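Colleague: Right, I'll just put the structure down here and ask away after.
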Amino acid sequence: MPQPNATPYADLTPDRVLDAVESLGLWTDGRLLALNSYENRVYRVGVEESAPVVVKFYRPGRWSDAAILEEHDLLLELAEHEIPAIPPRVVAGRTLHAFGGYRFALTPARGGRTPELEDANVLEWIGRFLGRIHALGTRKPFVHRPVLDRTTFGSEPRDYLLDHDWIPHDLLPAYTSVTEQALQGVQDCYTRAGSTQLIRLHGDCHLGNLFWTDAGPHFVDFDDARMGPAIQDLWMLLSGDRAEMSRQLADVLTGYEDFCSLDQRELHLIEALRTLRLIHHAAWLARRWEDPAFPSAFTWFGTQRYWQDHILQLREQIAAMEEGPLWSA
């Protein structure tokens, strides 16, 4: 696996992008559009006498080839079962390719709009497809991809921020204290949930990775796929106050449980997983800060105000974790 590089895409020029696609036997027409992505670099590329393709260049040093291929294998399994996720294109018997020091994959170009999550029928429809994804995800584990848990998304990213002096000196006592309380709250939630099954997940199932068409939803960007509790792919669809989120969750589960049964104990983990995501996201931005794409896109990160608000969010999460499960049948 290539070694991490703070500026890994410095020489990924438009010509190199087009040359990579053409190395697979496709003749590009020169049209190139950068798509919204920070962890990787993703482009829509026009192809002569054919539909455009999307090419994703994987961030060097993040995943091993084996881990990337596990993502591809899951997507191919989903496609085989007619579940609406976009699989990589197989060229010369392979889905993962290399060119100019980069690893990349091609997928068909698919569009869509943001789903209307206020509509109970839409939530139920999304729930059905998530249920199908998870039913398939239980059949075997990832071997080369990590687990989403209290260590990988909690204590490790918290320690990274502290060890690399990201917290302003005057806020350090408050941050240290609130993260200790938050991680204890996460531990308490996991204790209440007990032993829950870990399955192959999408892992980052927010609205930006969910497109809607007249044919229904389809899911994109499985780059963060990993092992974890099923509820991880459901809670990010919820918003509003507790009553609103309870209603939304009930609608999602109406469709979800047509294909996959959710262990009700996992409802204890919703606010714990939200807390872990907050801690992990802050460390993700810090780890990527030397990549020029990050300071220009996240201008607010690392400011005094940011850390004040982050500490406040974690305090709110401590209270939310103490409220008990969001909803139960």
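The values are calculated or read from the model by the stated rules, or taken from the named source; none is laboratory data. Being a predicted model, the structure only gives us computed values, none of them experimental. Backbone-built Cβ (ideal geometry, glycine too); neighbour counts: all protein chains shown.
Every residue, every condition in (1) outside the structural domain of Glu39 (by TED's automatic domain parsing); (2) assigned to a loop (DSSP other than H, G, I, E, B); (3) of a type in the set (Ser, Thr, Tyr), yes or no:
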{"site": "Glu71", "(1), (2), (3)": "no, no, no"}
{"site": "Leu78", "(1), (2), (3)": "no, no, no"}
{"site": "Glu82", "(1), (2), (3)": "no, yes, no"}
{"site": "Arg89", "(1), (2), (3)": "no, yes, no"}
{"site": "Phe104", "(1), (2), (3)": "no, no, no"}
{"site": "Gly127", "(1), (2), (3)": "yes, no, no"}
{"site": "Arg132", "(1), (2), (3)": "yes, no, no"}
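Colleague: Kindly indicate whether Leu326 is crowded, with 17+ Cβ neighbours inside 10 Å, among the aliphatic types (A, V, I, L, M), in contact (Cβ under 8 Å) with a residue 24 or more places away in the chain and not assigned by TED's automatic domain parsing to the domain that holds Ser195.
Modeller: yes
Colleague: Go through (1) more than 25 Å from Ala10 (Cα to Cα); (2) at pLDDT 95 or above for Glu49 and report which single condition fails.
Modeller: Looking at each condition in turn, Glu49 falls short on (2).
Colleague: Return the residue satisfying two criteria in turn: it lies in the range 106-125 and is in a strand (DSSP E or B) and at pLDDT below 95, and of such residues it is surrounded by the fewest Cβ atoms within 10 Å (Cβ to Cβ).
Modeller: Within the range 106-125, the first condition is being in a strand (DSSP E or B), and the residues that meet it are 106-108, 113.
Going one step further and asking which of them are at pLDDT below 95, we end up with 108, 113.
Numbers: Pro108: 12, Arg113: 9.
For the range 106-125, the residue satisfying everything is Arg113.
Colleague: State which residue is nearest to Phe104 (Cα to Cα) when the search covers only the range 20-66 and only residues that are under 16 Å from the mean Cα position of the chain (by Cα) and among the charged types (D, E, K, R).
Modeller: Lys56
Colleague: Here is a follow-up. Considering Thr191, Thr138, which residue is modelled with pLDDT of 95 or more, among the hydroxyl-bearing types (Ser, Thr, Tyr) and surrounded by fewer than 13 Cβ atoms within 10 Å (Cβ to Cβ)? Before the answer, list the steps.
Modeller: Details: Thr138 fails: surrounded by fewer than 13 Cβ atoms within 10 Å (Cβ to Cβ).
After applying the criteria, what remains is Thr191.
Colleague: Follow-up. Which of the residues spanning the range 218-261 are part of a helix (DSSP H, G or I) and surrounded by fewer than 18 Cβ atoms within 10 Å (Cβ to Cβ)? Before the answer, list the steps.
Modeller: Taking the range 218-261 and keeping what is part of a helix (DSSP H, G or I), we get 232-235, 242-256.
Listed by number, the residues that qualify are Arg242, Ala243, Glu244, Met245, Ser246, Arg247, Ala250, Thr254.
Residues are listed down the side, and each one gets a yes or a no for (1) in the same structural domain as Leu249 (by TED's automatic domain parsing); (2) crowded, with 18+ Cβ neighbours inside 10 Å; (3) farther than 30 Å from Ala243 by Cβ:
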residue: Leu273; (1), (2), (3): yes, yes, no
residue: Leu276; (1), (2), (3): yes, yes, no
residue: Trp289; (1), (2), (3): yes, no, yes
residue: Ala293; (1), (2), (3): yes, no, yes
residue: Ser296; (1), (2), (3): yes, no, yes
residue: Thr303; (1), (2), (3): yes, no, yes
residue: Asp309; (1), (2), (3): yes, no, no
residue: Leu312; (1), (2), (3): yes, no, no
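Colleague: Something else about it: Would you check if Ala174 is within 20 Å of Leu312 (Cα to Cα) and either surrounded by fewer than 20 Cβ atoms within 10 Å (Cβ to Cβ) or touching a residue at least 12 places away in the same chain (Cβ under 8 Å) (or both)?
Modeller: Working: within 20 Å of Leu312 (Cα to Cα): yes; either surrounded by fewer than 20 Cβ atoms within 10 Å (Cβ to Cβ) or touching a residue at least 12 places away in the same chain (Cβ under 8 Å) (or both): yes.
Spelling it out, Ala174 is indeed within 20 Å of Leu312 (Cα to Cα) and either surrounded by fewer than 20 Cβ atoms within 10 Å (Cβ to Cβ) or touching a residue at least 12 places away in the same chain (Cβ under 8 Å) (or both).
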